[in-house]
Amino acid sequence: MEFCPKCKSMMLPAKDKMKCRKCGFEKEKTVSFKSTAARKEREVSVLEESSMGMPTTRVRCEECGNDTAYWWMRQLRAADESEVRFFRCTKCGKTWREYN
């Protein structure tokens, strides 16, 4: 999206130029847009389970006995109630929650 340097209105494409819809200022197109097919071809990276990027804490997993787990908090109920803390074991992947 481009804006007119004179009146700051949004510029619209018109043939091979960009034209201001308010004052009529024109300039050459400088940005080439990719087709949807080109956008679909780009590579998408997905985080691995082992490198989730979440904070860890020392808490014991009842499933495997490991003492390190990822943790995060979510508001599950009304805003006036406390958040719920979730844990996921870094070794076996078991997930459990703790109510505050």
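The values are calculated or read from the model by the stated rules, or taken from the named source; none is laboratory data. Since this is a predicted model, take the numbers as computed values, not measurements. We place every Cβ from the backbone using ideal geometry, glycine too, and count neighbours over all the protein chains shown.
Quick notes on this structure:
- Condition check for residue 22: modelled with pLDDT of 85 or more, basic (Lys, Arg), more than 30 Å from residue 97 (Cα to Cα) and out of contact with any Lys or Arg (no Cβ under 7 Å at 6 or more places or on another chain): no
- Selection within segment 55-88: residues that are in contact with a Ser or Thr (Cβ under 9 Å, 6 or more places away or on another chain) and among the polar types (S, T, N, Q). The member of this set that is nearest to residue 99 (Cα to Cα) is 75.
- The set of residues from segment 64-93 being modelled with pLDDT of 90 or more, touching a Lys or Arg at 6+ places or on another chain (Cβ under 7 Å) and either part of a loop (DSSP other than H, G, I, E, B) or of a type in the set (Asp, Glu) (or both) comprises 64, 66, 67.
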